[in-house]
1. Evaluate the following for residue 109: is it in the same structural domain as residue 210 (by TED's automatic domain parsing), within 22 Å of residue 218 (Cβ to Cβ), surrounded by fewer than 16 Cβ atoms within 10 Å (Cβ to Cβ) and in contact (Cβ under 8 Å) with a residue 12 or more places away in the chain?
2. Restricting segment 177-231 to residues that are of a type in the set (Ser, Thr, Tyr) and under 13 Å from the mean Cα position of the chain (by Cα), which is surrounded by the most Cβ atoms within 10 Å (Cβ to Cβ)?
3. Does residue 53 satisfy being more than 20 Å from the chain's Cα centre (by Cα) and either assigned to a helix (DSSP H, G or I) or not charged (D, E, K, R) (or both)?
4. Condition first: over 21 Å from residue 129 (Cα atoms) and exposed (fewer than 15 other Cβ atoms within 10 Å of the Cβ). Now tell me which residues in segment 21-43 satisfy that.
5. Kindly indicate which of 98, 132 is part of a loop (DSSP other than H, G, I, E, B), over 26 Å from residue 61 (Cα atoms), out of contact with any Phe, Trp or Tyr (no Cβ under 9 Å at 6 or more places or on another chain) and among the hydrophobic types (A, V, I, L, M, F, W, C).
Amino acid sequence: MTTPAQPDHGPTVVVFDVNETLSDLAPLRDTFTTFGAPDGTADTWFAATLRDGFALTVTGTKPSFADLATDVARGLLAPHIHDADAAAEEIVRGFRNLSVHPDVVEGIDDLHTLHLRLVTLSNGATSVADDLLARAGIRDRFERLLSVDDAPRWKPAVDAYRYAADVCGVPIEDCLLAASHPWDLHGATRAGMRTAWVNRADRPYPRCFDQPDLEVESLVDLAAQLGAVAA
């Protein structure tokens, strides 16, 4: 499958993934270890939640992120704590109360200065993004907060990205997805969006996925690169 040719002008809408791209999951690592789980369990939990969501999506079910996250946490914690149900609920409460990465506020302000339209597109609930951005003091920078709850399917199905472009009222090639997950960027590319990989950990990009149009180390870097394109 070939992807559509991109226009000469820069994007007019920047679409942000929320979980890990904007929010910092690091505090949840401490929460899992407090319950006796081994180091690395938080990362396993998040990856397994996505895995199960993808599996349900491709088999025709549109799951609730919160329900999946609770189920996965319960299974991972059950060998380490008697009341795994209560512990799993605490994990999900913590997930809903995370902070943004240190670069996010400055980067979003810089992107707003470029007069770009900013929206989110999450596999989680809109309320999670709303609370996250409000705590960071940047909720007003975002025109729309979108969730796959209102789209046909979870990301990385192409329908999810097309839904976002349709809601924003622009051709999909005028949108750029900023995300820390290569699978997300691959889906967006296949849908016709431009993409920017937020690579805070300086990792190599997987060769199996379509390559992103931009690679940035932070949202401040993203604003600088998009500003250079617009200049």
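1. On the way: in the same structural domain as residue 210 (by TED's automatic domain parsing): yes; within 22 Å of residue 218 (Cβ to Cβ): yes; surrounded by fewer than 16 Cβ atoms within 10 Å (Cβ to Cβ): yes; in contact (Cβ under 8 Å) with a residue 12 or more places away in the chain: yes.
Here the answer is yes, as residue 109 does meet what is asked.
2. First pass over segment 177-231, keeping only residues of a type in the set (Ser, Thr, Tyr): 180, 189, 195, 205, 218.
Still in the running and under 13 Å from the mean Cα position of the chain (by Cα): 180, 195.
Details: 180: 18, 195: 27.
Result: 195.
3. Values: more than 20 Å from the chain's Cα centre (by Cα): no; either assigned to a helix (DSSP H, G or I) or not charged (D, E, K, R) (or both): yes.
So residue 53 does not fit the description; no.
4. 30, 34, 36, 38, 39, 40
5. Details: 132 fails: part of a loop (DSSP other than H, G, I, E, B).
None of the others qualify; the one that does is 98.
Here is a yes/no grid of residues against (1) of a type in the set (A, V, I, L, M); (2) touching a Lys or Arg at 6+ places or on another chain (Cβ under 8 Å):
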position: 153; (1), (2): no, yes
position: 157; (1), (2): yes, no
position: 160; (1), (2): yes, yes
position: 166; (1), (2): no, no
position: 169; (1), (2): no, no
position: 177; (1), (2): yes, yes
position: 189; (1), (2): no, no
position: 195; (1), (2): no, no
position: 199; (1), (2): no, no
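The values are calculated or read from the model by the stated rules, or taken from the named source; none is laboratory data. Keep in mind it's a predicted model, so treat the numbers as computed, not measured. All Cβ positions, even for glycine, are placed from backbone atoms using ideal geometry, and neighbour counts span all protein chains on display.
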